[in-house]
């Protein structure tokens, strides 16, 4: 999978929730402060998938994003509103929302996610979970909920209100469109409607002004 789908980790304040995405983002580096550990009771919202259907993150009902390696997910039967316990490290920056990494998630006594052993391993080689297959043409109309930002500050993708993860093509920056939370847009591109969620790589985007941009 392309680098922009594997490693997106920055949290910037640009007027709406901005999130990171991908299981390889929490890399160690010399001189960096250790990440704070957290154990919280939470409620599951939805899985977020890549355009090929592999799981890349879990969205909690409070807006926190838990980044996971595709192979870290042991149970995909979680439903919206399910009570879970999250043990993780906190990765955040500035005024952005919380992002968790290195997560172990349990529902009751059942471990549904264990990403403690996957960070930095098997980069790009995970089989993942879900119904992967040939990507098809999609068109989705919804409102902007939050955005993904890459390591160089470029806006790489959008989470829509209906849960769709809409990704920019390689090297494209959606930040040039000055979108904000609540903006109604239509995106078209290649992706899929998978059992765990919908995702696509954007080909065209219809802005709130009615202008249609081709990426």
- Filter the range 203-215 down to residues that are touching a helix residue (DSSP H, G or I) at 6+ places or on another chain (Cβ under 8 Å) and part of a strand (DSSP E or B), then give me how many there are. 2
- Task: Answer with yes or no whether residue 152 is surrounded by fewer than 18 Cβ atoms within 10 Å (Cβ to Cβ) and at pLDDT 85 or above.
- Result: no
- Item | Elements of type strands (runs of 3 or more DSSP E) contained in the range 42-106, each with 2 or more residues being surrounded by fewer than 20 Cβ atoms within 10 Å (Cβ to Cβ) | 83-91
- Task: Output the number of residues of the range 199-211 satisfying the condition of being within 17 Å of the chain's Cα centre (by Cα) and either farther than 27 Å from residue 70 by Cα or surrounded by fewer than 20 Cβ atoms within 10 Å (Cβ to Cβ) (or both).
- Result: 0
- Qualifying positions in the range 178-195 - outside any strand (DSSP E or B) and surrounded by fewer than 19 Cβ atoms within 10 Å (Cβ to Cβ): 178, 180, 181, 182, 183, 195
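The values are calculated or read from the model by the stated rules, or taken from the named source; none is laboratory data. Being a predicted model, the structure only gives us computed values, none of them experimental. Methodologically, a virtual Cβ is constructed for each residue, glycine included, from the backbone with ideal geometry; neighbour enumeration extends over all protein chains shown.
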